[in-house]
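Okay, structure first, notes after.
What follows is calculated from the coordinates using simple rules that are stated; it is not laboratory data. Because the structure is predicted, anything quoted here is derived from the model rather than measured. Neighbour counts are summed over all protein chains in view; Cβ atoms, including those assigned to glycine, are modelled from backbone coordinates with ideal geometry.
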Amino acid sequence: MAEQIQENGIAGTNNLVTRLFHNKVVNYSFAFISNYFEYFSGSFLFMKGGLPIWYNVPRMGLIYLTMLPFIALGVILLALNKNKTYKIPLIWILIAPITAAITTDDVPNINRAVVMFPMIEIIAAYGFLSFINKLRLRLKQITILLTSIFLLYNFLYFLEQYFVHAPFHRNWYRQEGFGEMVKTVKNSYSNVDKIIVTKSLGGIYPLVLFYMQYDPKEYLSEGSPKDKDYTGFGKFFFVPQACPSKEKDNRFPTGKNVYIDKGECEESLSDKVILRKDGSRVFNIVYE
């Protein structure tokens, strides 16, 4: 909104006109409507999926493309049906994304949209059954056979994308290597003063807690500190620098430390390098 007001100012627009078109009510409404329709987009449902990106299976949506014509038919038939009970799946689908559309991060979000999918499956099943029940026996058999073949192909395509491509496709989003990194520093945990970890790869503290099997009672007693800059829990100390072993400042603790650098940092002084499955570096571990 600030950018829009600034542009109007440069253009010399009257203040009342500027406020009429650029205010919280208008901008939030646009954002809500835009987010809402993202959950009905073909890209989200059938082609690419949504966010967070580490949930994505390459070139796969959340619903098999084979189901699209039956979903469309089901929506039309349910909308035309005079029985009000048949409107429940449609009303459910329309209501489901409202809460998700209010949020502004990770849109469209897979977790927030999960309540939509049972009704989408029901609508597809209704459309399919309504369609084949209008056919003669021979055509019904052929339709069931062809639909089964396409669904099987979709399923096999998903398996190929999931097991072959997903482990390597944009794998820097999939937190690969965190387990091995924590396991490495865990072996020397009692022999160091601090483990100084870069936050540049994101999602640090839940993975540290998980792989360290950190005592929940101890973590709560420390005030559930998470991973704010220059704080931590136990011997872990989290910093925003990508290469803390080479970018030290006076906020770092002193002593016998271990530094967890981002993989892109210079590795000449690294004692251990953590690699992804494709051979790219995730972390460099430097013992002081």
Somewhere in segment 140-155, is a residue assigned to a helix (DSSP H, G or I), surrounded by 14 or more Cβ atoms within 10 Å (Cβ to Cβ), of a type outside the set (Ser, Thr, Tyr) and without any contact (Cβ under 8 Å) to a residue 12 or more places away in the chain? yes
Selected residue (criterion: surrounded by the most Cβ atoms within 10 Å (Cβ to Cβ)) from residues of segment 81-131 that are among the polar types (S, T, N, Q) and under 21 Å from MET67 (Cβ atoms): SER130
Check THR99, THR104 and return the single one that is assigned to a loop (DSSP other than H, G, I, E, B), in contact (Cβ under 8 Å) with a residue 12 or more places away in the chain, polar (S, T, N, Q) and closer than 30 Å to GLY202 by Cα. THR104
